[in-house]
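Participant: Right, I'll just put the structure down here and ask away after.
Laboratory data are not the source of any read-out in this text; all were calculated from the coordinates shown. Because the structure is predicted, anything quoted here is derived from the model rather than measured. All Cβ positions, even for glycine, are placed from backbone atoms using ideal geometry, and neighbour counts span all protein chains on display.
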Amino acid sequence: MDNDRIIEHLKEICQTPEPEEKKAFFQGLEERGLTSRRPEAINHGEFLLRQFYYVGKWTWLLSAVLLLCITGICYGNTGNYPFALTPLLAVGIIVETGRSFRWKMAELEYTARFSLRSVMLARMFLVGIVETAGLLAVIWVVRPWFSYSLSRVFLYMMVPYLAASLSGSVYERKNRSYSGWGSIIICFMSSGLFAAAPYCLSSLYEERFTVIWTMAFILLVFSLVVSMRRWICELEEAVWN
């Protein structure tokens with residue numbers, strides 16, 4: 001039996017039944033004027049607002065609790081180890097980026113009105129901007145409790161946060177895990193590393209090393225942008241809006 005006959009035979013076997021009441025269904029759509037109706041176009045602000053409500057409430061709750069914990073610990077302890085809590089803020093944004101793959105929604109979002117690329121960008125932007133704004137507010141609040149300048153407190157908190165975000169984003173981009181535990185472990189390991197730094201390398205927090213912290217901050221920001229760009233390029237696809 002040649003290939004053409006096999007294909008024809010498979011078509012006969014796998015032929016789907018004609019849907020019932022198909023004509024009545026389309027007639028009902030025409031009567032309600034829905035056949036020619038197209039989804040309303042929305043601007044970027046409305047799109048971001050809709051994604052804001054879609055982000056899991058636990059993400060916002062976790063971020064708020066961590067920011068309050070950082071503030072409280074800094075109030076009672078002016079050592080360097082409270083800065084190690086900031087990598088845990090990256091858990092929310094990293095886990096949120098893998099949500100579509102984790103819940104098996106990625107393929108559906110690929111074919112939906114808005115692309116998976118747009119949805120993921122919106123969620124990463126929202127969670128990232130809210131957490132960064134919250135962290136900046138905390139830095140401003142706790143600054144008087146430290147002997148460091150505002151710029152040094154900023155660097156000591158932002159560098160661990162960005163390091164965890166970069167490590168987690170690279171892991172998620174390469175693995176697209178369905179559990180999310182890999183990213184969570186990375187964030188906790190980053191937190192543990194920076195918690196141990198004041199005891200193992202206390203001189204790292206001296207003023208003479210501010211230049212190194214500044215260079216690390218710039219390098220991490222650049223690397224994070226590159227990583228996000230690569231991630232988005234892997235999700236490129238044609239969509240309609």
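Participant: Give me 123, 229 ranked fewest to most by other Cβ atoms within 10 Å of their Cβ, as a rough exposure proxy. Working shown, then result.
Facilitator: On the way: 123 22, 229 10.
In increasing order of surrounding Cβ atoms, one gets 229, 123.
Participant: Sort 125, 25 so that the residue with the fewest other Cβ atoms within 10 Å of its own Cβ comes first and the one with the most comes last.
Facilitator: Working: 125 14, 25 10.
Lowest to highest Cβ neighbour count: 25, 125.
Participant: Suppose R0 equals 22 Å. What FRET efficiency, 1/(1 + (r/R0)^6) with r the Cβ-Cβ distance, do residue 49 and residue 214 give to the nearest 0.05? Display every interim value, and only then the final one.
Facilitator: Values: r = 35 Å, r/R0 = 1.60.
Efficiency, rounded to the nearest 0.05: 0.05.
Participant: Can you sort 224, 201 so the residue with the fewest Cβ neighbours within 10 Å comes first? Please report the intermediate quantities before stating the final value.
Facilitator: Values: 224 18, 201 11.
By the 10 Å Cβ count, ascending: 201, 224.
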